[in-house]
Structure formats: structure tokens, C-alpha cells
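Structure first, commentary second.
The values are calculated or read from the model by the stated rules, or taken from the named source; none is laboratory data. This is a predicted model, so every value here is computed, not measured. Ideal geometry is used to build each Cβ from the backbone, glycine not excepted, and the neighbour counts take in all protein chains shown. Heavy atoms of the whole protein, side chains included, go into the accessibility calculation; ligands, DNA and RNA do not. Shrake-Rupley method; radii C 1.70, N 1.55, O 1.52, S 1.80 Å.
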Amino acid sequence: MDALSRARPRPRSAAAAAASPLPWARFSAWLECVCVVTFDLELGQAMELVYPYDFRLTEKEKTSICYLSFPDSYSGGLGDTQFSFRLRQSGGQRTAHYEDDGEYNREAPLTLQRESAHYFGYVYFRQVKDSSMKRGYFQKSLVLVSRLPYVNLFQSLLQLIAPEYFDKLEPCLEAVCNEIDQWPPPVPGQTLNLPVMGVVIQVRIPSRVDKPGTSPVKQFNQENLLPAPMVLPSIHELDLFRCFQPVLIHIQMLWELVLLGEPIVVMAPSPTVSSEMVMALTSCLAPLRYCCDYRPYFTIHDSEFKEYTTRTQAPPNIVVGVTNPFFIKTLQHWPHILRVGELRMSGDLPKQVKVKKLTKLKTLDTKPGIYTSYKTFLHKDKTLIKRLLKGIQRKRPSEVQSALLRRHLLELTQSFIIPLEHYIASLMPLQRAITPWKNPPQIRPFRQDDFMKTLEHAGPQLTCVLKGDWLGLYRRFFKSPNFDGWYRQRHKEMTQKLEALHLEAICEANIVAWMKDKSEVEIVDLVLKLREKLVRARCQHLPVKEETLQRVGLYIDTVINSLPEDLQAVLHHH
């Protein structure tokens, strides 16, 4: 293993150490590790180094990262390539340098939460002619491994550090990692200045309370920042217009397939096109979270290869991006295959792919197209295509076209989800039914038929002009992992809200009057129940004011002090 990966982290200032008691705590708030993958004539792809030195990847993870960090099919292209992958963590939970009690995930949008069982890999691959190498080529990848889906931020960071690293190697990487270890942690709602290699990257971390569809302010406070910072308008949003340009007229169909959690294969000429298309597809449900699995780039060496290519069971609910033509044969049985060519921005509407029958998908040189027998529930939105076409004719910037597209998808998702939100809110017990000395009432069950009856008067037609079989779309949605994920999240939030309302009801009650005619057993039981509620409120971070929790604590003391001394001693000890 390389000398750098054995090197001990250098001691840091007392202030920095005090702010983050664990070594690499600040670094691992952003990244798990940085890997360098190289091509070895005898071994093939090999892990040259992992930094920080003590970060433990399992052998299975190292092998997967090695294969996912190089283009899978020979494109013959020289130069630099950037792409992303997502990898299932193997080997159970590990102790993290970064101690996070879940605060980030509570405040971040659901679509930007820190992953618990997957890693993201952000890759910068360089292939150039080099006569000093046996194969005549220099081939190396610098990979940032993180649990955060900040594709824009990490790919921008790679553009700064990778070219420098390929020139200066290890010392440069160690310096960069030490700089990242001084960064403030990502706090939703905050604008942060992140210094690296003489540049300050300025980003705003989105928050759950942001209004969907609003863009962060382009320029922030820049006083005392010299040179002027590199402002990233978004840490995660892709150029949707560029990603979707060959399929713009089918955006409706793709949105439905992603909403329903259908198995989709994206076949692309390069990992860049494959990873961008997969990430664009999974992002098009925002603010609804895509709850299925997805692999922006997948190779035949992946440990899940057999699982995905078996014909003995239905394909899993996943969007998977591939580049190796071999997959045309092995994934022929999948229901939806999107074959795309290289993305080229031109002055006209790019050639739109056609929807074709799956039986046409036979040869390795299959033409671009959407190979599926799926029939959409909703009609196409022709006005969107007209607006985008007008934008192309007027040479409107790509980011403006992307904003139009994102707004369209957001409004479509909101029109679909608002009736569900209204119905689930009606299942919450009335506030007057919450009494202090009884367990809070239950949330009523979600009944699909009852929901369907609400659609006639309060359905998507109130906010969306699109016609079609909305009821059929909801019925299919109820069978998808996306409905299950949405329902579980909402049910959890409502249960916590009920707990919070119950605590508030207890605070407003007259506890002394309640105790008058109660036995010691009943009073002790109340103390134990209130204590349990208090612990739960703090552990689960229930939406309760601190003042309410303090009052419950005082109530517990009042109740204990009304009891005989021997019981008081037992309860205080307990």
C-alpha cells in the first residue's frame, strides 16, 4: 500500500480539535474517503490508495469501486471523463468518524438525505497516451466516496483537484484532504464558503422548509472573500434539458415509469451519459422521494449482476445505467429499455427517439429508442414541447430550459401528490379528541377506495390541465415502493405530531386536581409514563418546544414530591 495511505494524519490546531474531537470528523461530514484507482497490466483495475489511511473498505467494496471507476466499454476516447456511481455498502454498519444524531436528515429535503446503506462514487478518469507505460497509456481515476448525493458540488470539486493531483500526486491529495477537514459541516439552510486549493466554493445547502421550485440566491455575501468565490447555483441539480434532450417528447412516459417504480435500463455510449440520465430520471419526482434502488452506472463485474440478469424472477424495481453492449442480450427481458446516443447540444431540437416494441431489441447495434410496451395513463403535454421548441429557436440558455422542465415536472408531481396529502391529513384525529390522561387516539387507516372517492371533487384536475386515466395511475402507484415510502414517512410524521400534541395537552392540564382522588399506584404509573414520554420526545426529536418539555419535567417533580418519602427515594433512584 502506498506510503501516503500509511501516513498518520497531521496534528491540527487546538481550536479545530475542540470543534471536532475525532480525527477526520469534519472531513467525514462530507466524504467517506478518497480513492485512486489505476490500471495494472497484471491485475487490471487496482486500488492504488485510500485516504484517510484508516478508512476501512471491505474487499468487496474495493473490488466494486475499482470496476465502477473505469469506463466499462472501450470507447477509445482520450482525455478526461467525469461520471458517478452508487454502490451498496457491504459488511454491516461501521463506526463513523462523523457523529451525526440524525439532525442533518431531519432538516434536509428527503431527496438529499445522507444514505445509510449506500455510497456514492464521484469519478474523474484520465486516459492519455504515455510512452513510458507498458500499454502506452496513462489510465487513472480519482474517486470521491460520499453518502451525500451532491453530484454538482463533488464533480466541481474534482474539476479543481483531479488535474492537479495527476500532475503532483500524493502530497497534493493530502493537502486537499486536510483542507476539507477544516470545512464547516453541511447544515441545511446555510450558505457555506468551502476553501480548497486557493479557491472558495460557495454553496447553499437546501433545507426541508425551502419552498419547492425556488432557486437559491445566485450571489451571497462576499465581503472579505478574495478572490471572489466560485458560486455553485445548486449542489445537486443536473442540467435536465441537456440530459433529457433526446427524450423530451416522452417526458410524460418517463415520469410515469419512475413514479410507478418500474424497472428501467438506460443503455448509453459512456458512463457520463448513463449516470446523468439515471440521476435525472430519479430526480424528476422531486419533492417526492424516489424510494427504489438506482445505479447510475453498472458493470458486468458488479456483485448484483446475477441478481439483475436472472430470468427466473421479475426484474427488481430499479433504474440501472449500463454502457457495455453485452447488456442488450442479458437484460432483454426487462420491460423498459431506454437506448440513448451521445448527448450533443445543437441549435435545433435534437433528434427525438421513438417508442419501439421490445421484440425489436435484438442486435448489438440497436438504434436509440424507448423499447417498451407501456401505455401512458396521461396524455402528452404538447404545450411544454412548444415552449421548449420556442426556447431553442430563441437560443434560450440551457439553464433556463432546464428550469422550465423542472417546473413542469414539479407541478405534475405536486398535482398528483396534493390529493394524497389532503386525504392523509383527514385521517389525523381531531385535536379535541386528545385528552391528557388517556393514550392519544390512533391515526385512522388509509383506505384506497375512500381516497378514490375524494378525487371527483378534489383530484389532480384542480391544478393540472392534463387529461387521462388519473384513477388508473393512482391504482398502479399504490402497488409501488414509492407509495410505500411516502406513506411510511407521512405516518411517522403524524404519529410524532400526535405525541407532541399529547405532551402539550398534559402541560395545560391541572395535575394537582387530577391527583386528588388517585391511589399511589396510579400516581407512580403516571410518573413512569411521563418519564417514558419525555425520553421518547428527546430521542425522536419530536416537534415540541423546549419549554413544554421542561414543564413536563417540573410536573414529574411535583407528582413525586406528593408521594411518601420512601416512594420518592425509589422514584428518584429509578
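Can you tell me which residue is most open to solvent (accessible area, probe 1.4 Å) among those in segment 40-91 that are assigned to a strand (DSSP E or B) and of a type in the set (D, E, K, R)? Only one residue fits best here, namely 88. With the condition kept exactly as written, say whether any residue in segment 475-489 is more than 30 Å from residue 292 (Cβ to Cβ) and among the hydroxyl-bearing types (Ser, Thr, Tyr). No, segment 475-489 contains no residue that is more than 30 Å from residue 292 (Cβ to Cβ) and among the hydroxyl-bearing types (Ser, Thr, Tyr).
Condition check ((1) modelled with pLDDT under 95; (2) assigned by the TED database to the domain that holds residue 112; (3) of a type outside the set (D, E, K, R)) across all residues:
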| residue | (1), (2), (3) |
| --- | --- |
| 178 | yes, yes, yes |
| 194 | no, no, yes |
| 204 | no, no, no |
| 212 | yes, no, yes |
| 215 | yes, no, yes |
| 219 | yes, no, yes |
| 224 | yes, no, yes |
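The single condition from (1) over 25 Å from the mean Cα position of the chain (by Cα); (2) outside the structural domain of residue 62 (by the TED database); (3) open to solvent by less than 40 Å² (accessible area, probe 1.4 Å) that residue 140 fails is (2). Looking at 321, 347, 261, just one residue is more than 20 Å from residue 485 (Cα to Cα), modelled with pLDDT of 95 or more and of a type outside the set (S, T, N, Q), and that residue is 321. Using the structure shown, decide if residue 336 is in contact (Cβ under 8 Å) with a residue 40 or more places away in the chain, crowded, with 19+ Cβ neighbours inside 10 Å, within 31 Å of the chain's Cα centre (by Cα) and within 30 Å of residue 212 (Cα to Cα). The answer is yes for residue 336. Of all residues assigned to segment 302-318, at least one qualifies as being part of a strand (DSSP E or B) and touching a residue at least 40 places away in the same chain (Cβ under 8 Å). Checking each residue in segment 149-204 for being part of a strand (DSSP E or B), open to solvent by 10 Å² or more (accessible area, probe 1.4 Å) and among the β-branched types (Val, Ile, Thr) picks out 191, 199, 200.
Here's the yes/no breakdown for (1) assigned by the TED database to the domain that holds residue 539; (2) of a type in the set (Phe, Trp, Tyr); (3) under 30 Å from residue 546 (Cβ atoms); (4) within 22 Å of the chain's Cα centre (by Cα):
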site: 408; (1), (2), (3), (4): no, no, no, yes
site: 433; (1), (2), (3), (4): no, no, yes, no
site: 437; (1), (2), (3), (4): no, yes, yes, no
site: 445; (1), (2), (3), (4): no, no, no, no
site: 457; (1), (2), (3), (4): no, no, no, no
site: 470; (1), (2), (3), (4): no, yes, no, no
site: 474; (1), (2), (3), (4): no, yes, no, no
site: 483; (1), (2), (3), (4): no, yes, no, yes
site: 494; (1), (2), (3), (4): no, no, yes, no
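In segment 72-100, the residues that are among the hydroxyl-bearing types (Ser, Thr, Tyr) form Cβ pairs under 6 Å with partners that are surrounded by fewer than 16 Cβ atoms within 10 Å (Cβ to Cβ) and modelled with pLDDT of 60 or more, at six or more places apart or across chains, as follows: 90/58; 90/60. Is it the case that some residue within segment 230-253 is among the aromatic types (Phe, Trp, Tyr), crowded, with 19+ Cβ neighbours inside 10 Å, at pLDDT 90 or above and not in a helix (DSSP H, G or I)? No, segment 230-253 has no match at all. Of all residues in segment 414-442, those satisfying the criterion of being farther than 27 Å from residue 211 by Cβ and surrounded by 13 or more Cβ atoms within 10 Å (Cβ to Cβ) are 429, 434, 435, 436, 437, 440, 441. Do you know which residues across segment 363-409 are acidic (Asp, Glu), open to solvent by 60 Å² or more (accessible area, probe 1.4 Å) and part of a loop (DSSP other than H, G, I, E, B)? Within segment 363-409, just 365 meets the criteria. Scanning segment 243-275 for residues that are more than 13 Å from residue 338 (Cα to Cα) and among the acidic types (Asp, Glu) turns up just one, 256. Restricting 483, 451, 478, 446 to residues that are over 30 Å from residue 386 (Cβ atoms) and without any contact (Cβ under 8 Å) to a residue 12 or more places away in the chain narrows the list to 483.
Would you be able to say whether some residue in segment 410-423 is more than 25 Å from the chain's Cα centre (by Cα) and of a type in the set (S, T, N, Q)?
no
Suppose the filter is modelled with pLDDT under 90, in contact with a strand residue (DSSP E or B) (Cβ under 7 Å, 6 or more places away or on another chain) and under 24 Å from residue 267 (Cβ atoms); does residue 45 pass it? So residue 45 passes the test.
Scanning segment 319-330 for residues that are surrounded by 19 or more Cβ atoms within 10 Å (Cβ to Cβ) and in a loop (DSSP other than H, G, I, E, B) returns a single hit, 323.
Results for (1) surrounded by 14 or more Cβ atoms within 10 Å (Cβ to Cβ); (2) modelled with pLDDT of 95 or more; (3) basic (Lys, Arg), shown as yes or no for each residue.
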{"position": "472", "(1), (2), (3)": "no, yes, no"}
{"position": "482", "(1), (2), (3)": "yes, yes, no"}
{"position": "486", "(1), (2), (3)": "yes, yes, no"}
{"position": "498", "(1), (2), (3)": "yes, no, no"}
